[in-house]
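Structure first, commentary second.
Where a number appears in this text, it was derived from the coordinates with a stated rule and is not lab data. These numbers come from a predicted model, not from an experiment. FYI the Cβ positions are ideal-geometry reconstructions off the backbone, even for glycines, and counts take in every protein chain you see.
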Amino acid sequence: MAGILQRARSGFTLVELLVALVIGSGLSLAASTFLLYSKRAFVQDQEALRMQENGRYALRLLSRELRMAGFAGVAAGQRQPVPSLTGSPCFDVLLDMTAGLVHLDDVDRLGHPTTGGDALPDDCLPATGLVASSDVLVVRRVMDRPHRRNSETFQVPAKGEVFLQLPPDDGLPVLDYHRAGVRSGWDLWRYHPQVFFIRNYSLAVGDNIPVLCRRRLSPTRAALAPTECLVEGVEQLQLEFVLDKDGDDQADATAQAPGPEDLERAVAVRIALMMRSVGQVADRDLPRDMSFAGRRVSHADRHLRLALESSVLLRNVRVQAL
């Protein structure tokens, strides 16, 4: 009995202590590895979820704008609105409702289409950060609901907003600021043109976060408002037009950079978005090659990517290429 008590008071031997340390270290390493991989999986899942949500929102936004492009009020018919305003070069371009949709294919960093044609005025696009090889889109339309129709006012017009004003007879519609007491009895539809493009930074130059941005009319002067960025993670925008060349209301061909004559016969458009995760992920086995807008693209960074597509009927629009 005394020997057993003496051994118990002597503690662990060196060998027993080393074995315990090895086992404890192994368990700690396993637990740390599990936690590390769990954190990496959580971050990657969060980035993927955010990328998918942003992509779906951007696709819905552009689909709606394209569906409404060219809408000029229920009473406008084929009467071409006459702008009675003038301002900056881009302001004048946006007030020209000759075409409800303007498409620039694969612009360079200065906004010039690489397939040829004229660029938009400089004040339509950002001075820096425009993503090359992506499309630029101009949508001209009025809002879904009128401010005033048939002498009934639904919403009081705000000062500084441009309105499509429709006469009660067969006269020409006018694009102008609303002025109280002027053109009594005319219908008022708020004019809502937009320029959509992709910029390579979100909040600050160099943050490397691609983003879908837009420019709209300024409410205070005859120019454009500052750039407004809408959806982070949009890396590329590509449009492909579906054409009815023989006028039989059937799709005959598609074109990513159609000429002016073909665009006269555009009946639908396919939107393709390349989405990229805002943050990087630790997974080294990310796919490097993928298909996007009918082409193979490769990436060598640690960002997740997702290609999204949708098709939209062009109901109100004649398309113009620059």
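Grab the DSSP H runs of the chain that are 4 residues or longer, score each as -39,500 (n - 2.57), total them, divide by all residues and round the 222 nm result to the nearest 500 deg cm²/dmol.
My calculation for the chain gives -7500 deg cm²/dmol from helical runs alone.
Whats the longest run of the chain with zero chymotrypsin sites (Phe, Trp or Tyr not before Pro) that are DSSP loop and have at most 11 other Cβ atoms within 10 Å?
155-322
What do you get for the angle between helix 14-68 and the principal long axis of the chain? Use alpha-carbon atoms, 0 to 90 degrees, nearest ten.
10 degrees
When the chain is modelled as a GNM with alpha-carbon springs shorter than 10 Å, which of Leu14, Leu217, Leu203 fluctuates the most?
Residue with maximal mean-square fluctuation among Leu14, Leu217, Leu203: Leu14.
Taking only C-alpha pairs under 8 Å that are 6+ residues apart, what is the relative contact order of the chain in percent?
Computed value for the chain: 20 percent relative contact order.
Once a ≥ b ≥ c are taken as the square roots of the eigenvalues of the Cα gyration tensor of the stretch 250-311, is the result rounded (a/c under 1.5), prolate (a/b larger than b/c) or oblate (a/b not larger than b/c)?
Taking the square roots of the gyration eigenvalues as a ≥ b ≥ c, the stretch 250-311 is prolate.
Per the Kirkwood treatment, what hydrodynamic radius in Å, one decimal, follows for the stretch 161-246 from the mean inverse distance over all distinct Cα pairs?
In the stretch 161-246 this quantity evaluates to 16.2 Å.
If the elastic network links every pair of Cα atoms under 10 Å, which of Leu49, Leu104, Leu224 fluctuates the most in the Gaussian network model of the chain?
The residue with the greatest mean-square fluctuation here is Leu49.
Apply the Debye scattering formula to the chain, with a single equal point scatterer on each alpha-carbon and no solvent, then give log10 I(q)/I(0) at q = 0.08, 0.09, 0.11, 0.12 Å⁻¹.
Here the Debye-derived log intensity ratios amount to -0.48, -0.57, -0.77, -0.89.
Can you pull out the trypsin sites (Lys or Arg not before Pro) in the stretch 139-219 that DSSP calls coil and that have at most 12 other Cβ atoms within 10 Å?
Within the stretch 139-219, the qualifying trypsin sites (Lys or Arg not before Pro) (loop, at most 12 other Cβ atoms within 10 Å) are Lys159, Arg179.
Considering only DSSP beta bridges whose two residues both sit in the chain, what percent are antiparallel, to the nearest 5?
90 percent
Among Ser311, Ser134, Ser28, whose mean-square fluctuation peaks in a Gaussian network model of the chain (Cα, cutoff 10 Å)?
Ser28
Taking only the alpha-carbon atoms of the stretch 77-132, what semi-axes of the equivalent ellipsoid follow from 5 times the gyration tensor eigenvalues under a square root, in whole Å, largest first?
25, 14, 7
If the viscosity is 1.306 mPa s and the temperature 10 °C, what Stokes-Einstein diffusion coefficient in µm²/s follows for the stretch 232-281 when Rh is the Kirkwood radius over Cα pairs?
Reported coefficient: 128 µm²/s.
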